[in-house]
Number of protein chains: 2
Amino acid sequence: MSKPSIAAGAEPRRAQERSPAGAAHRGEGEGLESKPLYRQVRETLIRRMVDGVWAPGEPLPSEIQLAAELGVSQGTVRKALDEMAAENIVVRRQGRGTFVARHDEERILFQFFKLVGDDGERHFPESRVLGIERAKGTAAECGALALPRNGRVLRIRRLRTFDGAPLIIESLILPDQMFPGLADAPVPNNLYGLYAQRYGITVARAREQLKAVGADSDTAAMLNVEPGAPVLLIDRLAYSLDGTPVEWRISFCLTAGFHYLSDLT
Amino acid sequence: MSKPSIAAGAEPRRAQERSPAGAAHRGEGEGLESKPLYRQVRETLIRRMVDGVWAPGEPLPSEIQLAAELGVSQGTVRKALDEMAAENIVVRRQGRGTFVARHDEERILFQFFKLVGDDGERHFPESRVLGIERAKGTAAECGALALPRNGRVLRIRRLRTFDGAPLIIESLILPDQMFPGLADAPVPNNLYGLYAQRYGITVARAREQLKAVGADSDTAAMLNVEPGAPVLLIDRLAYSLDGTPVEWRISFCLTAGFHYLSDLT
DNA sequence: CAGTGGTCTAGACCACGTA
DNA sequence: ACGTGGTCTAGACCACTGC
């Protein structure tokens, strides 16, 4: 017998009778490759989400069903799902079930949009697309998005306003082949929802780097401030469920009446 | 019998024989006041840390011992400790034990100091205190620190440099009575370590609000830039283990060669 | 070797949501 | 009434640490 594992290739292991003593099947050699069972379960479930087996918003099978299918105990499935809930890739609701997290406006607002009104209110700004182009990526762009040299990218530039006042001017760079046809249809305000619904790509986490810079003349004109006025530069790289970089976003934000909220926990 | 609970007043409940069926002691009425057992355990342990029963860096009793002392199962203690480990209140090390988290430089660097070099290196700047004063707090100060009107505060102003170059100029406001004698001794670079060691106050989390602003003439002079130069304003409120606001800190940071790193997970 | 946390299982009952 | 996740218990074995 080998270390505990879910049968290779994401195939579930049949339950078949197990030795009565809980973990009696464990402990043999198997020199390498042995993550905890609950992590293997987690990765199996994530792989299925990436493969589109369950779409965002849909319920997963119940813990009992998953446990039976994967040949592990309910407790192990539970630990995997609890961890996934902590990562916001799944939502658990007592009495109802476990659901693939959706990129609805509320989630964006709390997980990915950190600009908050000074009164504490969370607002979602309106967006107006200024331009879209497809081109060969620069070295920096291809590097950030893990594309081969000269890989094609999609660039989107848009102005985001709140109550009609300019708030953010931002540039997005995407891997062109990952989002075929995106440039041909209207671009919605909630882009991560579009990535998920139309392309099956789920943004799971992002890394943001912030600087205070002076607005250049272009930026200043778009934001309706004087050149050199202080603006908050946010450089975001967003990653999908499987860790692939999906979007590079550079935003220049006005922070009069708004601030970037960061919880250190 | 009432709902599951640890005997009132943080006193442990003796183990005494329990009905064999695991949860058979649960289920009676008890109209209100019923958090899950593992949260009660968590709060009992936190209260003890606040009371100084275990100092930072010291080991807690083993899960088995805590379970016996509190009259709950090892699994319940484990769930409480796992949650506390996720909150960085406690550090668990296999084979060694569970320890109260310390505010050593490494923890500060990763949990509370988000300014990172553009090369990705995390640096801890040097500090030079410019002034300390005790005074009646302004309305804003007392409000932020949850002090009564006109409560006394301690103000510290310091310049933080990296490799000799000015990086941050910051003002700290503390409740005076919470830190007696702090103004009479040299102020170390790692303040949270001092709060913990000398005053038994553990900073557990903080909330930061960021803006890009133009440096006023004072700030500009201290940071060696021209007035109006863009600087990153960080407004931090730090809370202790029991949720009390402990420190209000306003920092003006240069972000040339450095950036504020925020992980959206 | 003994003691600690880490993983895994099995089974009970509770609380919630839906029908 | 039923099925879901949430809590709690009990007990097994594993992996690591330090004596």
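The values are calculated or read from the model by the stated rules, or taken from the named source; none is laboratory data. Here the structure is a predicted model, which is why all the values come from computation and not from measurement. Virtual Cβ from ideal backbone geometry, glycine too; neighbours counted across all protein chains shown.
Some observations on this one:
- Residue match in region A:216-225 (condition: facing chain B (nearest Cβ under 7 Å), within 17 Å of A:Pro166 (Cβ to Cβ) and of a type in the set (A, V, I, L, M)): no
- Close pairs (7 angstrom Cβ cut-off, 6 or more residues apart or separate chains): within 14 Å of chain B (Cβ to nearest Cβ) and closer than 16 Å to A:Leu241 by Cα in region A:93-111, within 9 Å of DNA strand D (Cβ to nearest atom) and among the charged types (D, E, K, R) anywhere: none
- Taking region A:74-84 as the range and being touching a residue at least 12 places away in the same chain (Cβ under 8 Å) and either surrounded by fewer than 18 Cβ atoms within 10 Å (Cβ to Cβ) or not small (Gly, Ala, Ser) (or both) as the test, the residues that pass are A:Thr76, A:Val77, A:Arg78, A:Lys79, A:Leu81, A:Glu83, A:Met84.
- Count of region A:129-145 residues, restricted to those that are surrounded by 12 or more Cβ atoms within 10 Å (Cβ to Cβ) and touching a residue at least 12 places away in the same chain (Cβ under 8 Å), is 10.
- Taking strands (runs of 3 or more DSSP E) as the structural unit, those lying wholly within region B:25-143 and holding at least 3 residues that are within 22 Å of B:Met178 (Cα to Cα) correspond to B:126-136.
- Residue list for region B:67-78, filter: farther than 9 Å from B:Val41 by Cα and within 10 Å of DNA strand C (Cβ to nearest atom): B:Ala67, B:Ser73, B:Gln74, B:Gly75, B:Arg78
- Verdict on B:Pro186 being in contact with a Leu (Cβ under 8 Å, 6 or more places away or on another chain), more than 14 Å from chain A (Cβ to nearest Cβ) and surrounded by fewer than 21 Cβ atoms within 10 Å (Cβ to Cβ): no
- Candidates A:Gly181, A:Gly200, A:Gly164, A:Gly193, filtered to the one that is away from chain B (no Cβ under 14 Å) and in contact with a strand residue (DSSP E or B) (Cβ under 9 Å, 6 or more places away or on another chain): A:Gly164
- Residue check for A:Ile132: within 14 Å of chain B (Cβ to nearest Cβ), away from DNA strand D (no atom under 14 Å from the Cβ), on the phi < 0 side of the Ramachandran plot and of a type in the set (A, V, I, L, M, F, W, C): no
- Flag if A:Ser34 is near DNA strand D (Cβ under 9 Å from one of its atoms) and among the hydroxyl-bearing types (Ser, Thr, Tyr): yes
- Residues satisfying the stated conditions in region A:242-263, i.e. within 8 Å of chain B (Cβ to nearest Cβ) and β-branched (Val, Ile, Thr): A:Thr255
- Within region B:191-213, if we keep just the residues that are modelled with pLDDT of 95 or more and among the polar types (S, T, N, Q), the residue that is nearest to B:Arg107 (Cα to Cα) turns out to be B:Thr202.
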